[in-house]
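Since the structure comes first, as structure tokens, the remarks are kept for the end.
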């Protein structure tokens, strides 16, 4: 661990969505176990900041929307913004930066910013040549490697031990206040026992199982005696209301929870039905079983749940993985009827003997 000799402050860069930050949790724990006195700052995107404070072992969270992560080209031309980032990182006087990326991302933009900010040790993995922008370059594993293993591989490349029981399991530290808030929200909606959670949202339409089918999934579960609780953010409020409209007794908490509250609610849920989205990874980190409508936008082996029991539903298609935000093929990869989804849910609940209602 020569790169960490005499280091006191480390910057861990992961600038993606909620799930990507959750999947960083095993790596953060590994660093903290090996170097307990090292102060760890997570540099995350505004989206990732919603969960970053729940990562065990992280001492601080620094939020930044990075130009090199602007997939849709929405950020204005503003070089002063990047100069401001360099100044802020310089002010924080980091000794080492660990740059965590997916298989399709380059560590070099972030590494160059860290170089200009005076961070002497910059560690990342890439197949690309980038000169001395990285002070230590770690050859990556194959692209199909799970993101958790990719993160841990970066640590192994610099000598940080990554083994041991449960080393790759996702973990979140859910605050007591969030658990109390979850209890309050559920009681206010008349939810007192076990329930099934539905999270019908996703960051892009290509990953969303159609809302009208979620409506039927909720209605069928309710008819079978399972209380349904719909979860999501503020942007999902109308979707939540649509889902519960035909499911007598179902409730929507969309727009009423933080990510910490969501984690606490999923700790209480018997099961989650969701898309490939942030709630999937949060459920994985709190041990909630799940049925996932997993679109063909990504490879399952790179991102799938691995800690909690999970069943992934996806039709094989020639276009997968497409990495699209919008699907031009009518979501053929998610062509499952609601009765099939409910059957998988019942199987995970240990109720395979029960007949799925048809209407």
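The values are calculated or read from the model by the stated rules, or taken from the named source; none is laboratory data. Bear in mind that the values here come from a model prediction, so they are computed numbers and not experimental data. Every residue, glycine among them, receives a Cβ derived from its backbone with ideal geometry; neighbour counts consider all protein chains shown.
Identification of helices (runs of 4 or more DSSP H) wholly contained in the range 76-194 with 1 or more residues that are under 23 Å from residue 16 (Cα atoms) and not assigned by TED's automatic domain parsing to the domain that holds residue 259 yields 79-92, 108-116, 147-156. The conditions of being part of a strand (DSSP E or B) and touching a residue at least 40 places away in the same chain (Cβ under 8 Å) are met by residue 272. Residues in the range 247-267 include none that are part of a helix (DSSP H, G or I), over 18 Å from the mean Cα position of the chain (by Cα), touching a residue at least 12 places away in the same chain (Cβ under 8 Å) and under 17 Å from residue 345 (Cβ atoms). All of (1) in contact (Cβ under 8 Å) with a residue 24 or more places away in the chain; (2) out of contact with any helix residue (DSSP H, G or I) (no Cβ under 7 Å at 6 or more places or on another chain) hold for residue 221 with one exception: (2). Looking at the range 275-311 only, could you name the residues that are surrounded by fewer than 23 Cβ atoms within 10 Å (Cβ to Cβ), in contact with a strand residue (DSSP E or B) (Cβ under 7 Å, 6 or more places away or on another chain) and part of a loop (DSSP other than H, G, I, E, B)? Correct list: 289, 304, 308. Counting the residues of the range 1-45 that are under 13 Å from the mean Cα position of the chain (by Cα), within 12 Å of residue 170 (Cβ to Cβ) and without any contact (Cβ under 8 Å) to a residue 40 or more places away in the chain gives 1. For residue 320, the conditions (1) more than 20 Å from the chain's Cα centre (by Cα); (2) without any contact (Cβ under 8 Å) to a residue 24 or more places away in the chain; (3) assigned to a loop (DSSP other than H, G, I, E, B); (4) over 27 Å from residue 350 (Cα atoms) all hold with the exception of (2). Of all the criteria given as (1) surrounded by fewer than 21 Cβ atoms within 10 Å (Cβ to Cβ); (2) farther than 12 Å from residue 66 by Cβ, the one not satisfied by residue 105 is (2). Here residue 229 fulfils each of the conditions (1) closer than 21 Å to residue 337 by Cα; (2) in a helix (DSSP H, G or I) apart from (2).
If you go through the range 339-357 and keep only what is modelled with pLDDT of 90 or more and more than 15 Å from residue 196 (Cα to Cα), you end up with 339, 340. Tallying residues that are crowded, with 24+ Cβ neighbours inside 10 Å and farther than 18 Å from residue 263 by Cβ within the range 15-30 yields 2. Tallying residues that are more than 14 Å from residue 12 (Cα to Cα) and not in a loop (DSSP other than H, G, I, E, B) within the range 53-72 yields 3. When you check residue 71 against the structure, is it surrounded by fewer than 19 Cβ atoms within 10 Å (Cβ to Cβ), out of contact with any strand residue (DSSP E or B) (no Cβ under 9 Å at 6 or more places or on another chain) and assigned by TED's automatic domain parsing to the domain that holds residue 101, yes or no? Considered against the rule, which asks whether it is surrounded by fewer than 19 Cβ atoms within 10 Å (Cβ to Cβ), out of contact with any strand residue (DSSP E or B) (no Cβ under 9 Å at 6 or more places or on another chain) and assigned by TED's automatic domain parsing to the domain that holds residue 101, residue 71 comes out as yes. Check whether at least one residue in the range 230-243 is buried (at least 23 other Cβ atoms within 10 Å of the Cβ) and farther than 17 Å from residue 288 by Cβ, and report yes or no. There is at least one residue in the range 230-243 that is buried (at least 23 other Cβ atoms within 10 Å of the Cβ) and farther than 17 Å from residue 288 by Cβ. The listed residues are 211, 167, and the only one of them that is touching a residue at least 40 places away in the same chain (Cβ under 8 Å), on the phi < 0 side of the Ramachandran plot and surrounded by fewer than 22 Cβ atoms within 10 Å (Cβ to Cβ) turns out to be 167. The single residue among 161, 175, 200 that is surrounded by 12 or more Cβ atoms within 10 Å (Cβ to Cβ) and within 22 Å of residue 295 (Cα to Cα) turns out to be 200. Mind checking whether some residue in the range 14-34 is part of a strand (DSSP E or B) and at pLDDT 95 or above? Yes, that holds for at least one residue.
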